[in-house]
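A.B. asks: One structure, pasted below without further comment.
The values are calculated or read from the model by the stated rules, or taken from the named source; none is laboratory data. Keep in mind that this is a model prediction, so the values were computed, not measured. So basically every Cβ, Gly included, is an ideal-geometry build from the backbone, and we count neighbours across all protein chains shown.
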Amino acid sequence: MPVTRQWAYFDHAAVGPLVAVLGHVLMAWATDMTENGDTNWPAWAGKLETIRRHGAELIGADPTEIALVRNTTEGINLVAEGFPWRDGDNVVTLADEFPSNQYPWINLGSRGVECRRVETDNGRVDLADIQKACDARTRMISISWVNYAHGWRNDLDALAELAHARGALLFVDAIQGLGMFPLDVRHTPVDFLAADSHKWLLGPEGAGLLYVRREHLDLLRPLAVGWNSVKHANDFTHIELIVKDSAARYEGGSYNMAGLHAMGASLALLLGYTREQMAERILATTDEACRRLTAAGATVHSHRDGLHKSGIVAFDLAGRDSMQVRKRLLAHGVATGCRAGRVRISPHAYTNEADLDKLIKAVEAAR
């Protein structure tokens with residue numbers, strides 16, 4: 001991780017730094033395209049299915065259930081706009097979801113669909129409150145695996161059970177958990193999931209994954225259809241709308257080839273470790289960070305309850321503006337975020353004791 005030469009990096013919940021090998025992949029693609037144009041395009045395109053398989057392996061899915069998308073927002077909108085809503089339906093989400101997991105559902109109001117937003121306690125939500133918001137016209141529950149501001153990790157098994165018991169489907173914004181926590185969709189029956197690679201997957205912006213459970217492929221109307229949506233994708237003179245029988249039907253047009261190949265390199269790297277190993281390491285680091293931050297006079301606002309804790313921790317310093325604290329930390333070589341009026345740290349598995357020491361020293365200097 002070249003970023004460690006200059007920074008104690010605690011901002012993976014915003015944009016994670018690239019692993020060194022990803023930089024090589026991006027430069028190799030740029031050099032190839034600069035020197036050879038599209039003459040080697042078939043070779044680059046041929047690697048996309050390996051990337052799709054790696055994305056599927058990460059969550060226990062079948063490759064036919066994975067679409068390669070640009071970002072989480074695109075994945076959410078493909079589901080929100082492609083779903084067969086009826087006037088009077090509703091979708092349930094949380095009031096403090098990241099905007100990309102609110103606006104697409106709110107935008108359905110013009111189609112007669114109500115977006116019901118459940119209040120939380122610093123990201124913590126009681127499943128009973130979600131259940132109360134549901135009724136016979138609830139078609140979808142859309143929720144983040146991990147709250148972006150405070151780090152509350154939701155129980156996807158319990159949410160899937162709740163949604164299906166109400167006759168609804170479950171969409172998961174997985175960007176703050178994918179690559180870090182174990183998930184096997186064969187056993188945890190989420191219906192849709194989206195995430196892009198620039199956070200915990202340590203990949204570039206503009207490259208991501210959309211999971212659509214096989215049984216729902218024909219439920220979603222394909223949007224932004226193009227030459228790449230159909231079974232005969234490379235036969236440009238054959239005009240017949242016969243969409244692919246896989247989630248690739250949602251991919252539409254040309255790929256962010258460089259970004260996807262870089263994401264593929266990151267997926268291959270992360271798959272060399274188990275999710276359990278990654279989670280254990282990251283949770284141990286955040287536990288220690290909470291202990292040391294509290295000892296340094298900070299107030300930790302993230303809930304750290306058992307299975308609900310994550311790689312995100314929010315804190316503040318009494319009498320100090322959090323944005324100013326973040327600037328002070330940057331000046332000391334410590335990269336953090338600031339969300340919902342609090343400083344947010346989000347270390348990764350490579351974060352070490354020296355990084356924690358640097359963080360605490362900077363926090364003490366900012367008091």
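A.B. asks: Against the conditions (1) at pLDDT 95 or above; (2) assigned to a loop (DSSP other than H, G, I, E, B); (3) over 19 Å from SER197 (Cβ atoms), where does SER310 fall short? Just the number, please.
C.D. replies: (3)
A.B. asks: Can you list the strands (runs of 3 or more DSSP E) lying wholly within region 49-154 that have 2 or more residues being within 26 Å of ARG344 (Cα to Cα) and in contact with a Ser or Thr (Cβ under 8 Å, 6 or more places away or on another chain)?
C.D. replies: Passing ranges, in order: 90-94, 114-118, 138-144.
A.B. asks: Which is within 22 Å of GLY55 (Cα to Cα), surrounded by 22 or more Cβ atoms within 10 Å (Cβ to Cβ) and in contact with a helix residue (DSSP H, G or I) (Cβ under 7 Å, 6 or more places away or on another chain), of LEU220, LEU202?
C.D. replies: LEU202
A.B. asks: Given the conditions (1) modelled with pLDDT under 95; (2) more than 21 Å from the chain's Cα centre (by Cα); (3) more than 30 Å from GLU364 (Cβ to Cβ), and given that THR274 satisfies all but one, which numbered condition is not satisfied?
C.D. replies: Only one criterion is unmet by THR274, namely (2).
A.B. asks: Consider only pairs whose beta carbons are under 6 Å apart and that are at least six residues apart or on different chains; among these, list those whose first residue lies in region 334-348 and is free of Cβ contacts under 8 Å to residues at least 24 places away in the same chain and whose second residue is of a type outside the set (Phe, Trp, Tyr).
C.D. replies: Sorted first by the residue in region 334-348, then by its partner, the pairs are CYS338/SER322; CYS338/MET323; CYS338/ARG326.
A.B. asks: I need a count of the residues in region 241-252 that are part of a loop (DSSP other than H, G, I, E, B) and surrounded by fewer than 19 Cβ atoms within 10 Å (Cβ to Cβ).
C.D. replies: So the answer is 3.
Results for (1) surrounded by 14 or more Cβ atoms within 10 Å (Cβ to Cβ); (2) touching a residue at least 12 places away in the same chain (Cβ under 8 Å); (3) over 27 Å from SER266 (Cα atoms), shown as yes or no for each residue.
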{"residue": "LEU210", "(1), (2), (3)": "yes, yes, no"}
{"residue": "VAL225", "(1), (2), (3)": "yes, yes, yes"}
{"residue": "ASN228", "(1), (2), (3)": "yes, yes, no"}
{"residue": "HIS232", "(1), (2), (3)": "no, no, yes"}
{"residue": "ILE239", "(1), (2), (3)": "no, no, yes"}
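A.B. asks: Do we find a residue being on the phi > 0 side of the Ramachandran plot, out of contact with any strand residue (DSSP E or B) (no Cβ under 9 Å at 6 or more places or on another chain) and not basic (Lys, Arg) anywhere in region 273-287?
C.D. replies: No, region 273-287 has no match at all.
A.B. asks: Across region 295-326, what is the number of residues that are without any contact (Cβ under 8 Å) to a residue 24 or more places away in the chain and surrounded by 15 or more Cβ atoms within 10 Å (Cβ to Cβ)?
C.D. replies: The number of residues fulfilling the criteria is 4.
A.B. asks: Name the one entry in TYR273, TYR255 that is part of a loop (DSSP other than H, G, I, E, B) and surrounded by 19 or more Cβ atoms within 10 Å (Cβ to Cβ).
C.D. replies: Selected residue: TYR255, the only one of TYR273, TYR255 that is part of a loop (DSSP other than H, G, I, E, B) and surrounded by 19 or more Cβ atoms within 10 Å (Cβ to Cβ).
A.B. asks: Further question: Filter region 7-48 down to the residues that are within 30 Å of ARG328 (Cβ to Cβ) and in a loop (DSSP other than H, G, I, E, B) and list them by number.
C.D. replies: TRP7, PHE10, HIS12, ALA13, ALA14, VAL15, GLY16, PRO17, LEU18, VAL19
Conditions (1) closer than 25 Å to ILE175 by Cα; (2) in contact with a helix residue (DSSP H, G or I) (Cβ under 6 Å, 6 or more places away or on another chain); (3) not in a helix (DSSP H, G or I), marked per residue:
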{"residue": "GLU280", "(1), (2), (3)": "yes, no, no"}
{"residue": "ARG292", "(1), (2), (3)": "no, yes, no"}
{"residue": "GLN324", "(1), (2), (3)": "no, no, no"}
{"residue": "ARG344", "(1), (2), (3)": "yes, no, yes"}
{"residue": "ASP355", "(1), (2), (3)": "yes, no, no"}
